Amino acid sequence: MKHELIFLGKTKDSFISEGIENYGSRLKHYTQVSARTLKEKKSGNRADITEEGKQLLEAVPGGWLVVALDSRGRQYTSENFADVISGWEQRGVKGVCYLIGGPTGLSEEVIARADLSLSLSKMTFTHDMVRMLLMEQLYRAYTIKGGEKYHK
């Protein structure tokens, strides 16, 4: 099964970009993973959330599951998230796209289209940090599934 993170705008802090690359490199031992950056659409100084939502949804390959990263979404323990991924694999899911909005979040159209709305925490993180945290949680899920020491 493939995983793809799709987000808007470049990651601003180099330490976050390095973290995304680090966990992406580690994940390649378990699964295919990629991160795709789409250009932010802005009208004046404010992002147009509806246009960004359309752009994100158009980037999803046909037949893939959609996971929307949203603060109102469902929260899992790392072990439960590993179980969710295992369930997708057992069902023969081809790929999963994780959609991460910009500073203004995701449009309601994206949330409605998502197969799963996922929250990483009750706390608020920058959209850039969510990119790295999600990549780390994917890596953690695969090490849990493999019975490896990383998780403990």
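For region 74-97, does any single residue satisfy the condition of being at pLDDT 95 or above, surrounded by 20 or more Cβ atoms within 10 Å (Cβ to Cβ), in contact with a strand residue (DSSP E or B) (Cβ under 6 Å, 6 or more places away or on another chain) and assigned to a strand (DSSP E or B)?
Scanning region 74-97 turns up at least one residue that is at pLDDT 95 or above, surrounded by 20 or more Cβ atoms within 10 Å (Cβ to Cβ), in contact with a strand residue (DSSP E or B) (Cβ under 6 Å, 6 or more places away or on another chain) and assigned to a strand (DSSP E or B).
Which condition breaks for Gly105 when tested against (1) touching an Asp or Glu at 6+ places or on another chain (Cβ under 9 Å); (2) under 23 Å from Thr31 (Cβ atoms)?
Every listed condition holds for Gly105 apart from (2).
Looking for something of a type in the set (S, T, N, Q) and part of a strand (DSSP E or B) - is there at least one such residue anywhere in region 52-71?
Checked against the condition, which is being of a type in the set (S, T, N, Q) and part of a strand (DSSP E or B), region 52-71 yields at least one hit.
For region 99-124, which residues satisfy the criterion of being under 12 Å from Phe7 (Cβ atoms) and either surrounded by fewer than 19 Cβ atoms within 10 Å (Cβ to Cβ) or hydroxyl-bearing (Ser, Thr, Tyr) (or both)?
The answer is Pro103, and nothing else.
Listed here are the residues, each with its yes/no results for (1) part of a strand (DSSP E or B); (2) in contact (Cβ under 8 Å) with a residue 40 or more places away in the chain; (3) surrounded by 12 or more Cβ atoms within 10 Å (Cβ to Cβ); (4) more than 14 Å from the chain's Cα centre (by Cα).
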{"position": "His3", "(1), (2), (3), (4)": "yes, yes, yes, no"}
{"position": "Ile6", "(1), (2), (3), (4)": "yes, yes, yes, no"}
{"position": "Lys12", "(1), (2), (3), (4)": "no, yes, no, yes"}
{"position": "Ile16", "(1), (2), (3), (4)": "no, yes, yes, yes"}
{"position": "Asn22", "(1), (2), (3), (4)": "no, no, yes, yes"}
{"position": "Tyr30", "(1), (2), (3), (4)": "no, yes, yes, yes"}
{"position": "Val33", "(1), (2), (3), (4)": "yes, yes, yes, no"}
{"position": "Arg36", "(1), (2), (3), (4)": "yes, no, no, no"}
{"position": "Glu40", "(1), (2), (3), (4)": "no, yes, yes, yes"}
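Would you please name the residue that is nearest to Ala68 (Cα to Cα), looking only at residues in region 108-128 that are out of contact with any helix residue (DSSP H, G or I) (no Cβ under 9 Å at 6 or more places or on another chain) and in a loop (DSSP other than H, G, I, E, B)?
It comes out as Ala114.
Quick check: is even one residue across region 53-68 surrounded by fewer than 19 Cβ atoms within 10 Å (Cβ to Cβ), under 18 Å from Thr126 (Cα atoms) and touching a residue at least 40 places away in the same chain (Cβ under 8 Å)?
No - not one qualifying residue is present in region 53-68.
Filter region 128-152 down to residues that are in contact (Cβ under 8 Å) with a residue 40 or more places away in the chain and touching a Leu at 6+ places or on another chain (Cβ under 8 Å), then give me how many there are.
Count: 8.
The values are calculated or read from the model by the stated rules, or taken from the named source; none is laboratory data. Because the structure is a prediction, the values reported are computed rather than measured. So basically every Cβ, Gly included, is an ideal-geometry build from the backbone, and we count neighbours across all protein chains shown.
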